[in-house]
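The values are calculated or read from the model by the stated rules, or taken from the named source; none is laboratory data. Only a predicted model underlies this, so the values are computations on that prediction, with no experimental measurement involved. Here Cβ is always computed from backbone atoms with ideal geometry, including for glycine, and neighbour counts include all displayed protein chains. Please note that ligands, DNA and RNA were not included when accessible areas were found on the heavy atoms of the full protein model with its side chains. Shrake-Rupley method; radii C 1.70, N 1.55, O 1.52, S 1.80 Å.
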Amino acid sequence: MTLRQMIFAAVIAALAACLGSAAYAADPKCGAGTGKAATGEPIVVGGIVSITGPDNFSSSGLAAAAYFKCLNANGGVNGRPVKYLLEDDAWNPEQSSQVAAKLIRDQKAVALVGNMSFVDCGANQGIYEKEDIMVIAGVGVPRDCFFQKNYAPTNAGPRVSNTKAVMDVARTYPGKIKRVVCIAPNIPNVGEWSCTGAVAWIKKQGGDGKIIAFDPGSLDATSIVLEAMAFRPDVISVGTPKGLAVPIFAAAEEQGLAEKVHFTGPASLYNPDFPHAIGKYWDGKVTVDMELNAANAGTPDTLNWLAVMDKYGQGSDPRDTFSQAGYLAARVTAETLLKMDPAKIDRASVTTALRNVNRFESDMFCSPWYIGNGPRHNANHAGPVSQVKDGKLVPKPGCVESEDPELDDVHAFEKTIGIAK
């Protein structure tokens, strides 16, 4: 396994927060809710995930598949079923390009939905733009995923996530947070980029920041912690997967740092096992960002997502943040298709319709999500944060709106479509 594959596998392990399968009294609601199966001419929709390889990275696509099954059982798109074709890119850029071409040119997909892959964004930007097909992705991680006209993830991404957690601590302790260290694995288009937002934000407040990028294949947690403390930080953001974060927190505990420095982490640490992994010493002393509202929040959309997964997914399919993101990607696509003339649905009309999505609301989001006709997409930039408390990650009230300076163009675009706060 290569170094890149090792860190990708660690990311998956850190973010997978399965809630398990459960039975829900209410039937899932999808599409028109007719209760009658769609039997018309299928509408082809594709999806690209990473199944084989260092780890199974397909939760978002599996949730999209379950939602489309539910949609087809309830009238489909005005009588037309969605034929959802989920392809595995095996963590390989070349294979990702091959399956993208297969879906777009051979299968004539009208859109791609629920994508969840580290290599897809970089490998396929060219074909997405050339064929003018929209990708409503579930999970974007590298910077490439948030800087394309044809790629719109429903998640927030690691840079926004890191920034929100640091902002929350700074606002919780006004006037006391001046210096921030952000620690991240040295992965191109992920590591330093994911930390730069938090550092830029604290500098804008008159403070200072430092990024420590390390080789994930040779982690020396003690050296990293000592280097971080040499900067005399008020906050240390551990912007890594859980598997890499745990030894860093252990090294910080050995130095007795919880009483000296505030610790934060992005959504990669929003894992139910994380509090237990770092131990009781950190109870009440770590702030972790959430990209979506809690998977066990009990809100109508959350319950419907779980009901969809129970009835139309597999028992082994994760019920995690990634799954929520895939459900949302499929739902916004289905609701867009339902507003169209079913006889006139093709790639060009679907691309136009999706780019006209300027307000999609769900209780999983803290603010309206949209696609729009902008040059890039990072619509999910407000969400709750949580704290390690009593062995759990407990959401704090309210939502944090990211003030990452890199979002300035996003906020400016939002003003043009009337949803800016």
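Using a probe radius of 1.4 Å on heavy atoms only, what accessible surface per residue do you get for region 86-197? Whole Å² is fine.
Working: 3510 Å² over 112 residues.
Roughly 31 Å² per residue, with all protein chains present.
How far, in degrees from 0 to 90, does helix 242-254 lean away from the longest principal axis of the Cα atoms of the chain, to the nearest 10?
Tilt relative to the chain: about 20 degrees.
Put a dot 7 Å past each Cα toward the Cβ at Ala26 and Gln107; how far apart are the dots in nm?
Taking the simple label geometry, Gln107 and Ala26 are separated by 3.1 nm.
What is the log10 of I(q)/I(0) for region 343-391, computed with the Debye formula using one identical point scatterer on each Cα and no solvent, at q = 0.18, 0.22, 0.26, 0.32 Å⁻¹?
Listed by q, the Debye log ratios stand at -0.69, -0.86, -0.99, -1.15.
Ranked from highest to lowest mean number of other Cβ atoms within 10 Å per residue, what is the order of the peptides 406-415, 87-96, 355-364, 47-56?
So the peptides 406-415, 87-96, 355-364, 47-56, ranked by packing, come out 47-56, 87-96, 355-364, 406-415.
Given Lys242/Lys389; Lys178/Lys242; Lys311/Lys392, which pairs have Cα atoms separated by over 24 Å?
Lys178/Lys242; Lys311/Lys392
Using the Cβ atoms and a cut-off under 13 Å, what net charge is assigned to the surroundings of Pro81, where Lys and Arg are +1 and Asp and Glu are -1?
+3
So if I take the centroid of the Cα atoms in region 197-218 and the same for region 355-421, what is the distance between those two points in Å?
Here the two parts' Cα centres lie 22 Å apart.
What residues qualify as long-range amide H neighbours of Val44, i.e. H under 5 Å apart, gap of 5 or more or another chain, H built at 1.01 Å from N?
Under 5 Å from the amide H of Val44: Lys83, Val110.
Identify, among Ala251, Tyr312, Val238, the residue whose Cα sits farthest towards the positive end of the charge dipole of the chain, taking +1 on the Cβ of Lys and Arg and -1 on the Cβ of Asp and Glu, with the dipole about the Cα centre.
Going by the charge dipole, the pick is Tyr312.
Along the positive direction of the dipole of region 36-127 (beta-carbon charges: Lys, Arg +1; Asp, Glu -1; about the Cα centre), which of Pro54, Asn124, Leu103 reaches farthest?
The Cα lying farthest towards the positive end belongs to Leu103.
What angle, in degrees between 0 and 90 and rounded to the nearest 10, separates the Cα long axis of helix 300-312 from the longest principal axis of the Cα atoms of the chain?
60 degrees
How do 105-112, 340-347, 266-273 rank on mean C-beta neighbours within 10 Å, highest first?
266-273, 105-112, 340-347
Expected output is a single nm value to one decimal: the length gained when fully extending between Lys344 and Ala213, i.e. 0.36 nm times separation in residues minus the C-alpha distance. What is it?
Difference between extended and current length: 42.1 nm.
Taking the Cα centre of the chain as the origin, how large is its charge dipole in debye, to the nearest 20, when only Lys and Arg (+1) and Asp and Glu (-1) carry charge on their Cβ atoms?
740 debye
Once the principal axes of the Cα atoms of region 321-421 are found, what is the range along each, listed largest first in whole angstroms?
55, 29, 17
Would you please give the FRET efficiency between Lys204 and Asp283, computed as 1/(1 + (r/R0)^6) with r the Cβ-Cβ distance and R0 = 30 Å, to the nearest 0.05? Before the final figure, lay out the partial values.
On the way: r = 32 Å, r/R0 = 1.06.
The pair Lys204/Asp283 has a calculated efficiency of 0.40.
Tell me which residues come under 5 Å, amide H to amide H, from Phe147 once H is placed; ignore anything under 5 positions away on its chain.
Sorted by chain and number, the residues that satisfy this are His377.
Quick one: how many Å² of Tyr151 are accessible to a 1.4 Å probe, rounded to 10?
My reading of the accessible area for Tyr151 is about 0 Å².
With percent of Cα pairs over 30 Å apart defined as stated, name the option among [x] 61; [y] 39; [z] 47 computed from the structure displayed.
After the calculation, the listed value that fits is [y].
Roughly how many nanometres apart are two label points built 7 Å out from the Cα toward the Cβ at Val394 and His276?
1.9 nm
Points 7 angstrom from Cα along the Cβ direction at Lys311 and Ala250: gap in nanometres?
For the pair Lys311/Ala250, the computed spacing is 4.6 nm.
Between Gln98 and Glu129, what is the FRET efficiency for a Förster distance of 25 Å, r being their Cβ-Cβ separation, to the nearest 0.05?
The calculated FRET efficiency here is 0.90.
Counting Lys +1, Arg +1, Asp -1, Glu -1, what net charge surrounds Met309 among other residues with beta carbon under 9 Å of its beta carbon?
0
Using only Cα atoms, tell me the angle between helix 120-130 and the longest principal axis of the chain; keep it within 0 to 90° and round to the nearest 10.
The angle comes out at about 40 degrees.
Per the helix-only calculation at 222 nm, which mean residue ellipticity applies to the chain, given -39500 (n - 2.57) for every DSSP H run of n ≥ 4 and division by its residues, nearest 500 deg cm²/dmol?
Helix-only estimate at 222 nm: -11000 deg cm²/dmol.
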